[in-house]
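> Can you read through this structure? Questions will come right after.
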Amino acid sequence: MRRQRAIDVLVIGGGPAGLAAAGRLARVGAGTVEVLEREGRAGGVPRHCHHRGFGRWGVTGPQYADRLVEAALGAGVAVRTGVSATGWAGALVVDTTGPHGLERITARAVVLATGARERPRAARLVPGTRPAGVYTTGELQQAVHLHHQRIGTRAVVVGAEPVSYAALAALRRAGVEVAALVTEETRPQVGRARAASARLGRRVPLLTGTTIVELLGRGRLSGVRLRHADGRPGAIACDTVVFTGDFVPEQELARRGRVPLDSGTRGPAVDGAFRTAARGVFAVGNVLHAVEPARAAAREGAAAAVAVRRHLEGADWPASAGLPVEAVAPLRWVAPNRLVPGEPPVPGARFLLRTAETLVRPVLLVTQGGRCLHRARVPRRVLANGSLHLSGAWVGLVDAAGGAVRIGLG
């Protein structure tokens with residue numbers, strides 16, 4: 001028997017975006033606001049990132065997570081941990097399971113803030129046996145920082161993104177020698193200083209244009225087999241390998257609710273007010289765009305709260321999904337990826353794009369049916385897989401009958 005309850009706002013996901021949205025809603029008197037977090041503690045990924053640089057004051061991840069939780073609780077949010085949303089029993093009715101059994105929660109608005117996850121080795125189709133010693137960054141950081149487990153003695157890190165260097169730091173903290181960082185890209189996807197610090201300061205070689213083609217060993221990992229860009233084979237002896245990056249949105253609950261997904265981001269398709277095509281269902285944070293830093297996700301959560309509050313106060317929900325917003329190569333995707341003509345993004349929101357190639361001071365060009373709506377230069381170099389931001393100042397120029405809006409390079 002499920003216990004049934006009704007509340008005003010149900011936020012699913014207790015990371016930075018969900019906590020920020022919930023806290024802002026509670027502070028403005030949005031009624032009963034509840035956050036569901038499936039793990040034993042709320043705070044999201046920052047909980048097990050012990051390096052500094054989080055939030056306005058550059059605190060450690062756990063400190064930042066604690067502040068988010070305290071702010072939400074202080075605003076009157078009910079934060080329930082160890083509770084998982086398992087499915088939908090109606091348009092705004094969510095089934096859950098947790099320490100106190102089964103529940104069915106009806107809300108006036110549901111906010112999906114389920115975040116993102118790294119694709120594990122199996123999803124990357126790396127052949128070999130299934131030895132112990134294979135991690136994603138999240139698994140590694142939890143093992144090191146939360147559970148204080150023994151990791152291994154010698155590791156290879158797959159990737160050269162910011163999260164890869166965070167994995168390197170976690171390995172060093174655990175006393176593990178890092179044999180190499182290995183990436184298929186032609187250069188690291190971090191700034192020169194950070195890459196040089198690892199290569200020269202910590203003497204960790206970076207193998208670019210290199211692919212892991214097989215995991216070796218039975219029982220425990222004994223090494224990895226490599227293939228370099230020129231076809232040369234190679235191998236590194238190690239007892240630990242960490243697959244980093246390659247994030248995908250945690251969109252299973254959205255999919256079960258038949259919330260339409262965007263083919264580019266693979267997260268829920270939303271407009272500039274974080275509304276999905278399902279009335280009353282919003283999505284925010286890294287479930288929309290895997291992944292952005294915690295501070296950006298929190299800022300987005302606060303912005304989404306404005307739209308949720310408007311909905312609770314009776315604002316109209318768009319009758320249609322709106323016009324599609326498409327990214328043109330080498331841009332990979334854009335979020336939000338729908339828009340309602342004449343309705344700019346809510347304050348604090350903006351368009352986020354991801355590039356597949358390194359760009360030097362690119363010019364972003366917004367067009368509709370060949371008509372230029374907006375042009376903006378990004379005054380910096382953007383590395384491959386890096387993010388670009390674009391204001392929504394041009395949305396008022398969109399023709400409701402003009403078809404898809406495209407964002408490319410000028």
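> Scan the stretch 269-328 for residues that are of a type outside the set (A, V, I, L, M, F, W, C) and over 27 Å from residue 138 (Cα atoms) and report the count. Even if it seems obvious, please write down each step before you answer.
Step one: list which residues in the stretch 269-328 are of a type outside the set (A, V, I, L, M, F, W, C), which gives 271-272, 275-276, 279-280, 285-286, 289, 292-293, 295, 299-301, 309-311, 313-314, 316, 318, 320, 322, 324, 326.
After this cut, where a residue has to be over 27 Å from residue 138 (Cα atoms) as well, the list is 271-272, 275-276, 279-280, 309-311, 313-314, 316, 318, 320, 322, 324, 326.
Qualifying residue count, the stretch 269-328: 17.
> Taking the stretch 100-118 as the search range and keeping residues that are surrounded by 15 or more Cβ atoms within 10 Å (Cβ to Cβ) and not aliphatic (A, V, I, L, M), which one is modelled with the lowest pLDDT? Spell out the reasoning first.
Step one: of the stretch 100-118, the residues surrounded by 15 or more Cβ atoms within 10 Å (Cβ to Cβ) are 103-118.
Retained after the next criterion (residues that are not aliphatic (A, V, I, L, M)): 103-104, 106, 108, 114-115, 117-118.
Numbers: 103: 97, 104: 98, 106: 98, 108: 98, 114: 98, 115: 96, 117: 91, 118: 87.
Per the stated criteria, the residue is 118.
> Is it fair to say residue 28 is more than 21 Å from the chain's Cα centre (by Cα), open to solvent by less than 10 Å² (accessible area, probe 1.4 Å) and at pLDDT 95 or above? So that I can check it myself, show each step before the final result.
Details: more than 21 Å from the chain's Cα centre (by Cα): yes; open to solvent by less than 10 Å² (accessible area, probe 1.4 Å): no; at pLDDT 95 or above: yes.
Criteria not met by residue 28.
> Here are 42, 22, 17: which of them is buried (at least 19 other Cβ atoms within 10 Å of the Cβ), in contact with a helix residue (DSSP H, G or I) (Cβ under 7 Å, 6 or more places away or on another chain) and free of Cβ contacts under 8 Å to residues at least 60 places away in the same chain? Before you say what the answer is, go through the steps one by one.
Numbers: 22 fails: free of Cβ contacts under 8 Å to residues at least 60 places away in the same chain; 17 fails: free of Cβ contacts under 8 Å to residues at least 60 places away in the same chain.
Just one listed residue meets the conditions, 42.
> Continuing with this model, one more query. Could you name every one of the strands (runs of 3 or more DSSP E) located completely within the stretch 229-286 that has at least 2 residues being buried (at least 24 other Cβ atoms within 10 Å of the Cβ)?
Details: elements: 233-237, 240-243, 247-249, 281-283.
Counting at least 2 such residues, we get 240-243, 281-283.
> Within the stretch 398-405, does at least one residue satisfy the condition of being modelled with pLDDT of 95 or more, under 30 Å from residue 184 (Cα atoms) and within 25 Å of the chain's Cα centre (by Cα)?
Among the residues of the stretch 398-405, not one is modelled with pLDDT of 95 or more, under 30 Å from residue 184 (Cα atoms) and within 25 Å of the chain's Cα centre (by Cα), which makes the answer no.
> Would you check if residue 343 is in a loop (DSSP other than H, G, I, E, B), in contact with a helix residue (DSSP H, G or I) (Cβ under 9 Å, 6 or more places away or on another chain) and among the acidic types (Asp, Glu)?
On the way: in a loop (DSSP other than H, G, I, E, B): yes; in contact with a helix residue (DSSP H, G or I) (Cβ under 9 Å, 6 or more places away or on another chain): yes; among the acidic types (Asp, Glu): yes.
In short, yes.
> Something else about it: Would you pick out the residues in the stretch 119-131 that are in contact with a Gly (Cβ under 7 Å, 6 or more places away or on another chain) and either open to solvent by 30 Å² or more (accessible area, probe 1.4 Å) or part of a strand (DSSP E or B) (or both)?
Restricting attention to the stretch 119-131, the residues satisfying the condition of being in contact with a Gly (Cβ under 7 Å, 6 or more places away or on another chain) are 129, 131.
Across the stretch 119-131, the qualifying residue is only 129.
> Let me ask something else about it. For residues that are acidic (Asp, Glu) and part of a strand (DSSP E or B), scanning just the stretch 69-112, find the one that is farthest from residue 3 (Cα to Cα). Walk me through it before giving the result.
First, pick out the residues of the stretch 69-112 that are acidic (Asp, Glu): 70, 95, 103.
Filter once more, so that each one left must be part of a strand (DSSP E or B): 95, 103.
Values: 95: 10, 103: 5 Å.
Across the stretch 69-112, the extreme among qualifying residues is 95.
> Additional query: On the basis of being open to solvent by 50 Å² or more (accessible area, probe 1.4 Å) and either part of a helix (DSSP H, G or I) or within 28 Å of residue 243 (Cα to Cα) (or both), does residue 138 make the cut?
Values: open to solvent by 50 Å² or more (accessible area, probe 1.4 Å): no; either part of a helix (DSSP H, G or I) or within 28 Å of residue 243 (Cα to Cα) (or both): yes.
It is false that residue 138 is open to solvent by 50 Å² or more (accessible area, probe 1.4 Å) and either part of a helix (DSSP H, G or I) or within 28 Å of residue 243 (Cα to Cα) (or both).
> Suppose we keep only residues that are out of contact with any Asp or Glu (no Cβ under 9 Å at 6 or more places or on another chain) and closer than 15 Å to residue 49 by Cα within the stretch 148-166. Which one would you say is surrounded by the fewest Cβ atoms within 10 Å (Cβ to Cβ)?
Filtering first and then ranking leaves 148.
> Let me confirm something: among 310, 350, 377, which residue is open to solvent by 50 Å² or more (accessible area, probe 1.4 Å), touching a strand residue (DSSP E or B) at 6+ places or on another chain (Cβ under 9 Å) and modelled with pLDDT of 95 or more? Outline the logic, then answer.
Values: 310 fails: touching a strand residue (DSSP E or B) at 6+ places or on another chain (Cβ under 9 Å); 350 fails: modelled with pLDDT of 95 or more.
None of the others qualify; the one that does is 377.
> Looking at this structure, is residue 157 in a strand (DSSP E or B) and more than 20 Å from residue 180 (Cα to Cα)? Walk me through how you get there before you give the answer.
On the way: in a strand (DSSP E or B): yes; more than 20 Å from residue 180 (Cα to Cα): no.
The answer is no for residue 157.
> Among (1) hydrophobic (A, V, I, L, M, F, W, C); (2) surrounded by 24 or more Cβ atoms within 10 Å (Cβ to Cβ); (3) farther than 26 Å from residue 101 by Cα, there is one condition residue 10 misses while meeting the rest; what is its number?
Unmet condition: (3).
> Pick out the one residue from 227, 279 that is free of Cβ contacts under 8 Å to residues at least 60 places away in the same chain and either of a type in the set (D, E, K, R) or in contact with a His (Cβ under 7 Å, 6 or more places away or on another chain) (or both). Please lay out each step first, then the result.
Numbers: 279 fails: free of Cβ contacts under 8 Å to residues at least 60 places away in the same chain.
Matching residue, one of 227, 279: 227.
> Among (1) of a type outside the set (Phe, Trp, Tyr); (2) open to solvent by 30 Å² or more (accessible area, probe 1.4 Å); (3) under 25 Å from residue 293 (Cβ atoms), which single condition is residue 364 missing?
(2)
The values are calculated or read from the model by the stated rules, or taken from the named source; none is laboratory data. These figures come from a predicted structure and were not determined experimentally. Note: ideal-geometry Cβ built from the backbone for every residue, glycine included; neighbour counts use all protein chains shown. With ligands, DNA and RNA removed, areas are computed over all heavy atoms of the protein, side chains included. Shrake-Rupley method; radii C 1.70, N 1.55, O 1.52, S 1.80 Å.
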